[in-house]
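Take a look at the structure set out below.
The values are calculated or read from the model by the stated rules, or taken from the named source; none is laboratory data. Bear in mind that the values here come from a model prediction, so they are computed numbers and not experimental data. Using ideal geometry, Cβ is built from the backbone for each residue, glycine included, and neighbour counts are taken over all protein chains shown. Just so you know, the surface numbers come from the protein's heavy atoms only, side chains and all, with ligands and any DNA or RNA stripped out. Shrake-Rupley method; radii C 1.70, N 1.55, O 1.52, S 1.80 Å.
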Amino acid sequence: AKLFCNSLLLLCVDISMASRAISFMLRAPVACQQKFSSITPSTMTLCRRGMASTTSTFPTEKMEQKRAESKLGGGQKRIDTQHAKGKLTARERIEVLVDKGSFREYDMFRTHNCNDFGMTDESRYLGDSVITGQGKIFGRTVYLYSQDFTVHGGSLSEVHAEKICKILDKAMLAGAPVIGLSDSGGARIQEGVASLAGYAEIFQRNVLASGVIPQITLVMGPSAGGAVYSPAITDFTFMIKDTSYLYITGPDVVKQVTEEEVTHAELGGYLAHTKKSGVAHGAFDNDIEGLYEIRRLMTYLPPSNKAVAPIKNCSDPVDRVEESLDYIVPHDSLLPYDVHHVIDKIVDDNDFFEIHKEFAKNIVVGLARMGGRTVGIVANQPKVASGVLDIESSIKAARFVRFCDSFNIPLITLVDVPGFLPGTAQEHNGIIVHGAKLLYAYAEATVPKITVVMRKAYGGAYDVMSSKHLRGDVNYAWPNAEIAVMGAKGAVAIIFRNSPDLEKNEEEYVEKFANPFPAAAKGFIDDIIRPRDTRARICEDLEILATKQLSNPWRKHGNIPL
């Protein structure tokens, strides 16, 4: 059909050219008529070949030449420098992240529009300092950008910002996640306020997209100045060990202003942000590991807040009885244990994607599957500080709970908490307002909420940890659980302050309060179950609650205690 159309088109061209020639010859002098009469069919064929070469081959070659130029970024020498640092280039990172052959690039022919301070034609690189487009991860659409450090250090220009804004807008329209691969020295100083305006345009879109589509940032190099705020707004921020840094001002500025000498790693390296500040949710050994872990994370997430996370075919029986759970948790409430062992036993295939693993270790949060459905796990960790709630653990858990609620991910809460951490340091640094964040997050959440009190739930921490009073859908307790205002020893010391037989009084208190039956009698606990049955019961509840419908009263937004 294509060959027929082309032949028909050439025939029309022949007829048109012949008719024009005949018309001209009838009006032209004899000499001209003799020249036109020398035109032969072979001459017409050569003309057609020349026209085809001019109209198709040349533009195609030019297009491919420009594409190759754009793909080279800042040039081979700078690419070699990137490799020497143990880093992939911006394009190589995209190739690893998305399914093979699925990436479709936007705006690869754009260049910066600055003419000041030496930003001449020699400094104009096609695509500027960021690569943007869409691709697929396990067949599901994602939008992404990858900052190119080989072009002006990945600095953000006006065009750079416009390219990122375009994919954020497209992602919102399509209802698809956005992944940012950050490797930038910050604002492009030569462009002045235009660069700052570009940052603000990106921040605005990050905020509007928050809770609508998942946003993930992988910091793979320096991220300084205004560049740090976009990762801070996104849902998850990860770093690459030893090659990525996050800070508002670098070591030189810090020394100039405060006379403090500090290295890049000490100021904004992965240890600073995964263990101390909590800015980063995790860190990976190298670019390859980081990109593959992002692919893994994406399998747990829905494309937007209007969809549910993909349900995976589950080979792990939903009614599996796990007898080891009867013995993992010690009966003595003072003895520690690792709650990871409990999590591994109840989720599908022992597969748990932990978030903020190195930060606030006294609480564990992360994503898993139960019966093939994505769930968010929040669990007190008795192995660290007895699982007590403090400022950092409250902030960590509250952020995670709100993420899950935004994207329709059910919450499973495993409770073994002695209360909130006392002391002047906590009080003076705002444990009241920070603890209220976790309470607010659970109370506001409308997704399915299933809670299991494994051993103890004391004081206000019992209320905060997804209790029945905060609209918990199903609340279980294990037989040795204690639900009370405080532990037996502390309670007896107050109630029976002058009693001669405190041991007997403690037994009396335990019998009356330090067990799950008083709470069950009041309906605060739906059932007391054997630990071995926990997985089966939760999977059953998740299936029932899949059609849960609950909404909060209309409001512009709540005023969470920030």
Inside region 444-471, the number of residues satisfying the requirement of being free of Cβ contacts under 8 Å to residues at least 60 places away in the same chain and either farther than 22 Å from Glu543 by Cα or out of contact with any Leu (no Cβ under 9 Å at 6 or more places or on another chain) (or both) is 9
Mind checking which pairs have a first residue in region 262-277 that is without any contact (Cβ under 8 Å) to a residue 40 or more places away in the chain and a second that is surrounded by fewer than 21 Cβ atoms within 10 Å (Cβ to Cβ) and not in a helix (DSSP H, G or I), Cβ under 6 Å, 6 or more apart or different chains?
-> Tyr270/Lys241; His273/Val279
For region 270-285, state whether one or more residues are loosely packed, with under 13 Cβ neighbours inside 10 Å, of a type in the set (Val, Ile, Thr) and under 27 Å from the mean Cα position of the chain (by Cα).
-> no
Open to solvent by 10 Å² or more (accessible area, probe 1.4 Å), touching an Asp or Glu at 6+ places or on another chain (Cβ under 6 Å) and part of a helix (DSSP H, G or I): does that describe Ala200?
-> no
Subset tally (residues that are buried (at least 18 other Cβ atoms within 10 Å of the Cβ) and either aliphatic (A, V, I, L, M) or over 41 Å from the mean Cα position of the chain (by Cα) (or both)) for region 510-528 = 4
Search result, residues across region 522-533 that are in a loop (DSSP other than H, G, I, E, B) and under 19 Å from Arg471 (Cα atoms) | Lys522, Gly523, Phe524, Ile525, Asp526
Checked Leu439, Leu502 against criteria (open to solvent by 30 Å² or more (accessible area, probe 1.4 Å) and in contact with a Ser or Thr (Cβ under 9 Å, 6 or more places away or on another chain)); the one match is Leu439
Does Thr413 satisfy being in contact with a Leu (Cβ under 9 Å, 6 or more places away or on another chain) and within 30 Å of Leu550 (Cβ to Cβ)?
-> no
Does Met51 qualify as being surrounded by fewer than 15 Cβ atoms within 10 Å (Cβ to Cβ), at pLDDT below 75, aliphatic (A, V, I, L, M) and part of a helix (DSSP H, G or I)?
-> yes
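Give the number of residues within region 149-161 that are out of contact with any helix residue (DSSP H, G or I) (no Cβ under 6 Å at 6 or more places or on another chain) and in a helix (DSSP H, G or I). It would help to see each step written out before you state the result.
So the first thing to find is which residues in region 149-161 are out of contact with any helix residue (DSSP H, G or I) (no Cβ under 6 Å at 6 or more places or on another chain), and the list is 149, 151-155, 159-160.
Restricting the remaining residues to those that are in a helix (DSSP H, G or I) gives 152-154, 159-160.
Number satisfying all stated conditions: 5.
When you scan region 234-269, how many residues do you find that are under 14 Å from Thr217 (Cβ atoms) and either surrounded by fewer than 17 Cβ atoms within 10 Å (Cβ to Cβ) or not hydrophobic (A, V, I, L, M, F, W, C) (or both)?
The total comes to 5.
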Residue check, Asn475 under 23 Å from Leu414 (Cα atoms) and in contact with a Lys or Arg (Cβ under 7 Å, 6 or more places away or on another chain) = yes
Among what's in region 122-148 and is outside any strand (DSSP E or B) and in contact (Cβ under 8 Å) with a residue 60 or more places away in the chain, pick the residue that is farthest from Glu191 (Cα to Cα).
-> Phe138
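One line per residue, one yes/no per condition, for (1) closer than 26 Å to Ile395 by Cα; (2) in contact with a helix residue (DSSP H, G or I) (Cβ under 6 Å, 6 or more places away or on another chain); (3) assigned to a loop (DSSP other than H, G, I, E, B):
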{"residue": "Gly472", "(1), (2), (3)": "yes, no, yes"}
{"residue": "Ser499", "(1), (2), (3)": "no, yes, yes"}
{"residue": "Asn505", "(1), (2), (3)": "no, yes, no"}
{"residue": "Tyr509", "(1), (2), (3)": "no, yes, no"}
{"residue": "Ala520", "(1), (2), (3)": "no, no, no"}
{"residue": "Arg535", "(1), (2), (3)": "no, yes, no"}
{"residue": "Ile544", "(1), (2), (3)": "no, no, no"}
{"residue": "Thr547", "(1), (2), (3)": "no, no, yes"}
{"residue": "Trp554", "(1), (2), (3)": "yes, no, yes"}
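Considering region 237-265 alone, what residues qualify as being closer than 30 Å to Leu297 by Cα and not charged (D, E, K, R)? Steps first, please.
Just the residues of region 237-265 that are closer than 30 Å to Leu297 by Cα, to begin with: 237-248, 264-265.
Once the filter is applied, which keeps residues that are closer than 30 Å to Leu297 by Cα and not charged (D, E, K, R), region 237-265 yields Thr237, Phe238, Met239, Ile240, Thr243, Ser244, Tyr245, Leu246, Tyr247, Ile248, His264, Ala265.
Going by what's in this entry, would Ile311 be described as open to solvent by 70 Å² or more (accessible area, probe 1.4 Å), among the β-branched types (Val, Ile, Thr), at pLDDT 95 or above and within 25 Å of the chain's Cα centre (by Cα)?
Here the answer is no, as Ile311 does not meet what is asked.
Counting only residues that are open to solvent by 20 Å² or more (accessible area, probe 1.4 Å), closer than 20 Å to Gly278 by Cβ and out of contact with any Leu (no Cβ under 8 Å at 6 or more places or on another chain), how many does region 334-357 have?
3
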Filter region 314-333 down to the residues that are acidic (Asp, Glu) and under 34 Å from the mean Cα position of the chain (by Cα), then identify the one that is surrounded by the fewest Cβ atoms within 10 Å (Cβ to Cβ).
-> Asp319
Is it the case that Val492 is farther than 26 Å from Leu414 by Cβ, over 35 Å from the mean Cα position of the chain (by Cα) and without any contact (Cβ under 8 Å) to a residue 60 or more places away in the chain?
-> yes
Flagged pairs (Cβ under 9 angstrom, 6 or more apart or on separate chains; first in region 278-299, more than 25 Å from Ile311 (Cα to Cα) and acidic (Asp, Glu); second open to solvent by less than 60 Å² (accessible area, probe 1.4 Å) and in a helix (DSSP H, G or I)) are Asp287/Glu92; Asp287/Arg93; Asp287/Val96
Options Ser244, Ser277: the member that is under 30 Å from Glu444 (Cβ atoms) and polar (S, T, N, Q) | Ser277
Any pair with Cβ under 6 angstrom, 6 or more apart, that starts in region 240-255 at a residue that is touching a residue at least 24 places away in the same chain (Cβ under 8 Å) and ends at one that is aromatic (Phe, Trp, Tyr) = Ile240/Phe284; Lys241/Tyr270
Taking the condition outside any loop (DSSP other than H, G, I, E, B), open to solvent by 40 Å² or more (accessible area, probe 1.4 Å) and at negative phi, does Ala493 pass?
-> yes
For region 126-139, name all the residues that are touching a Leu at 6+ places or on another chain (Cβ under 9 Å) and open to solvent by 50 Å² or more (accessible area, probe 1.4 Å).
-> Gln134
